[in-house]
Amino acid sequence: MTRLFPIFLGFLLLVCNGTTAWAASAKATALRQANGLTVYNPPEKFLSGNFVADEMNPAFIFGPVKDFADSRKCPTTWLIEAGDKNLPAGPGGPDKLAEYTLYLEEDCPDKVVYYVFIDQSGLTPQQWIEWREKFHGKSKTEPEYSEAKSKLDTACTAGCGVSAELRFIQKDGELVAKSPEEVLRVDLKFAPIYDLNQRKKISR
C-alpha cells in the first residue's frame, strides 16, 4: 500500500493540472510535432465565449467554447502554434485587431481530431462583427454577408455575442469535408444556443 501512494499522488497531480491530465498518444505527439504545436491554456474569456462554425454565413451560434470541449468523449488538450504562445491577447490597435488560431485536440484510440478555432476574444461582440466585415464585406459575397451581419447584430443585442469561430476540423491530419456547423449539429449532437435565421435563442 505504501508503494502505491506515490503513484496515486502523481495521478492526482496530473488530473488537477487540467490539460496535462492525459499523456498524448504516439499519433497525437507526432501530429503536434509536424504542425509545430505546443500545449496552451486559453484565456477564460475565450473559453466562456460563444462561437460560430461557419465562416461566411453561419446559421447558428454555439457555446460556450468550454462546454463544447467538455462534451468530447476522448481526452482533450488545447494547443497553439509555438510562435504564438507568448503573444499578448486582445486588440493590437485600431487597424490590427488580434486573433489567434487555437487547436482543440481530441486524442481517441482510433483517431486524433483537431477542432481549429479562431480566438477573437479580445474583441467586443460589435468589434468582432466589424472585424468580419473588414475581410468579407467587400467581397463578391457582399449581399449574402450583409444579411449574415444583420443576423449577428440581432444576436449581439439578444446577449448571444460571439468571440470565436470554429474554422475547420481535421481528422488524423486530413481536413473533414463536411462543414463544422454540420458536424457539430448532426454528427456530434452538440446543440446550438441561438438560431440566426429565426433570430431567437434556442431552449435546451
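Could you say which residue among VAL186, VAL176 is modelled with pLDDT of 80 or more, touching a strand residue (DSSP E or B) at 6+ places or on another chain (Cβ under 6 Å) and β-branched (Val, Ile, Thr)?
VAL176
Cβ separations smaller than 6 Å between residues 6+ apart or across chains give the following pairs from segment 71-86 residues that are touching a residue at least 12 places away in the same chain (Cβ under 8 Å) to residues that are part of a strand (DSSP E or B) and of a type in the set (D, E, K, R): ARG72/GLU106; CYS74/GLU106; CYS74/ASP107; PRO75/ASP107; THR76/GLU106; THR77/GLU105; LEU79/GLU105.
Look at LEU102 and say whether it is at pLDDT 80 or above and within 27 Å of ASP195 (Cβ to Cβ).
Yes: the conditions hold for LEU102.
Could you look through segment 153-173, keep only residues that are β-branched (Val, Ile, Thr) and under 17 Å from the mean Cα position of the chain (by Cα), and pick out the one that is modelled with the highest pLDDT? Only one residue tops the list, namely ILE169. If you go through segment 43-66 and keep only what is within 23 Å of ASP172 (Cα to Cα) and more than 10 Å from the chain's Cα centre (by Cα), you end up with ASP54, GLU55.
Scan segment 130-142 and tell me whether some residue there is at pLDDT 75 or above, surrounded by 12 or more Cβ atoms within 10 Å (Cβ to Cβ) and under 21 Å from LEU47 (Cα atoms). Looking through segment 130-142, none of the residues is at pLDDT 75 or above, surrounded by 12 or more Cβ atoms within 10 Å (Cβ to Cβ) and under 21 Å from LEU47 (Cα atoms). Only residues that are touching a helix residue (DSSP H, G or I) at 6+ places or on another chain (Cβ under 7 Å) and over 14 Å from ASP54 (Cα atoms) were counted across segment 173-184, and they come to 1. One residue stands out among those in segment 151-204 that are charged (D, E, K, R) and part of a loop (DSSP other than H, G, I, E, B): the one that is surrounded by the most Cβ atoms within 10 Å (Cβ to Cβ), which is ARG199. In segment 116-124 there is at least one residue that is assigned to a loop (DSSP other than H, G, I, E, B), of a type in the set (A, V, I, L, M) and at pLDDT below 75.
The values are calculated or read from the model by the stated rules, or taken from the named source; none is laboratory data. None of these values were measured; they are calculated from a predicted model. We place every Cβ from the backbone using ideal geometry, glycine too, and count neighbours over all the protein chains shown.
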